[in-house]
Amino acid sequence: MSEQKLATRQIFGMKRESLEKRIIHYFEATNDSLSVLEYAFAILLRDALSVSDFSGMLKEVMHQIFLFAEPTDTSRKLAPFFKNYFKSGE
């Protein structure tokens, strides 16, 4: 069974716990790091624009993507936004 990508409405409308579970499940099923990076960046924007707390979501997944996945232009461009997800030695 193929996994469907998340829609914009889901990313900006779902509760934190449900959204995090859905993205982790999508990443484990597809290993699509580019889409997950885009989702995580959209979540950063949602955190900045909303009263709800969406900070620090998907830390383990971001570690896995940035440390072990093949680097792409998109990951290089988005990497500075996820600087707070890593300790100084990583």
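The values are calculated or read from the model by the stated rules, or taken from the named source; none is laboratory data. It should be emphasised that the depicted structure is a prediction, and the values quoted were computed from it without experimental measurement. Counting neighbours? That spans all protein chains shown, and the Cβs are built from the backbone with ideal geometry, glycine included. Only protein heavy atoms, including side chains, enter the accessible area calculation; ligands, DNA and RNA are left aside. Shrake-Rupley method; radii C 1.70, N 1.55, O 1.52, S 1.80 Å.
Going through the range 39-90 one residue at a time, which ones are over 10 Å from the mean Cα position of the chain (by Cα), within 18 Å of PHE12 (Cα to Cα) and assigned to a helix (DSSP H, G or I)?
LEU45, ARG46, ASP47, ALA48, LEU49
Scanning for something surrounded by 11 or more Cβ atoms within 10 Å (Cβ to Cβ), out of contact with any helix residue (DSSP H, G or I) (no Cβ under 8 Å at 6 or more places or on another chain) and at pLDDT below 95, does the range 2-12 turn up at least one residue? Walk me through how you get there before you give the answer.
The first filter runs over the range 2-12 and keeps only residues surrounded by 11 or more Cβ atoms within 10 Å (Cβ to Cβ), leaving 3, 5-6, 10-12.
Checking which are out of contact with any helix residue (DSSP H, G or I) (no Cβ under 8 Å at 6 or more places or on another chain) leaves us with none.
No.
For residues that are farther than 23 Å from LYS77 by Cβ and assigned to a helix (DSSP H, G or I), tally how many sit in the range 2-17.
Counting residues in the range 2-17 that are farther than 23 Å from LYS77 by Cβ and assigned to a helix (DSSP H, G or I) gives 5.
Counting just the residues of the range 76-90 that are in contact (Cβ under 8 Å) with a residue 40 or more places away in the chain and of a type in the set (Phe, Trp, Tyr), which one comes out most open to solvent (accessible area, probe 1.4 Å)?
Of the residues in the range 76-90, the ones in contact (Cβ under 8 Å) with a residue 40 or more places away in the chain are 78, 81-82.
From what is left, the residues that are of a type in the set (Phe, Trp, Tyr) are 81-82.
Working: PHE81: 114, PHE82: 0 Å².
Top of the filtered list is PHE81.
For SER52, all conditions in the list (1) open to solvent by 90 Å² or more (accessible area, probe 1.4 Å); (2) more than 25 Å from GLN4 (Cα to Cα) hold save one; what is the number of the exception?
Failing condition for SER52: (1).
Name every residue in the range 61-75 that is within 24 Å of GLU28 (Cβ to Cβ) and loosely packed, with under 10 Cβ neighbours inside 10 Å, in order of residue number. Before you say what the answer is, go through the steps one by one.
In the first step, residues of the range 61-75 are kept if they are within 24 Å of GLU28 (Cβ to Cβ); the result is 61-72, 74-75.
Listed by number, the residues that qualify are LEU67, PHE68, GLU70.
Of the residues in the range 18-31, how many are assigned to a loop (DSSP other than H, G, I, E, B) and surrounded by 15 or more Cβ atoms within 10 Å (Cβ to Cβ)?
Here is the first cut: in the range 18-31, the ones assigned to a loop (DSSP other than H, G, I, E, B) are 31.
Then keep just the ones that are surrounded by 15 or more Cβ atoms within 10 Å (Cβ to Cβ); that gives none.
Total meeting the criteria: 0.
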